[in-house]
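Visitor: Please see the structure below; I have some questions.
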Amino acid sequence: MTMAYYYSNKPNLSFNDAVAKITETLKQQGFGIITSIDMKETLRQKLNIAFRNYKILGACNPQFAYNAITRESHIGLMLPCNIVVQQHENGQVEVSAINPLETLDLANLNHIAKEVSSRLRAAIDDLYRDSSEPKRNETLPNKLG
């Protein structure tokens, strides 16, 4: 069975609220945003094109990144994990994350890909959680075994 190379949800949030909430849910999963590319602004400046809201967020969990790089020196080509927040022409907001299980087919990184995939999916799933619900306070591992 082939899986998609991304995981996606369409929360009932404004574009800016979706960016803020995915940033927070990623933080709860141990990821920080280390890059943010505003495609709407970039395309306006570089090509004078009016484009819809579209942001690419580069999420990184330093421990996972370190473990992956020490096992596969070229894995930096796949880092950071990209999250896309976009507002479609119909106004609906969609948040998507890369699926490392589909994009990393390296046996020595399989356990890291599974954990990263699980946490990215949890962050996107948390977009649907009612903000009044208690936050998850998971203890994050210091090292992967």
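The values are calculated or read from the model by the stated rules, or taken from the named source; none is laboratory data. A quick note: this is a predicted structure, and the numbers were derived from the prediction, not measured. Positions of Cβ are backbone-derived with ideal geometry, glycine not excepted, and every protein chain shown enters the neighbour counts.
Visitor: Restricting the stretch 46-104 to residues that are of a type in the set (A, V, I, L, M, F, W, C) and touching a Lys or Arg at 6+ places or on another chain (Cβ under 8 Å), which is surrounded by the fewest Cβ atoms within 10 Å (Cβ to Cβ)?
Guide: Looking at the filtered set, the residue picked out is Ala50.
Visitor: Touching a strand residue (DSSP E or B) at 6+ places or on another chain (Cβ under 6 Å), under 26 Å from Tyr66 (Cα atoms), modelled with pLDDT of 60 or more and of a type in the set (A, V, I, L, M), is that true of Leu120?
Guide: For Leu120, the condition - touching a strand residue (DSSP E or B) at 6+ places or on another chain (Cβ under 6 Å), under 26 Å from Tyr66 (Cα atoms), modelled with pLDDT of 60 or more and of a type in the set (A, V, I, L, M) - is met.
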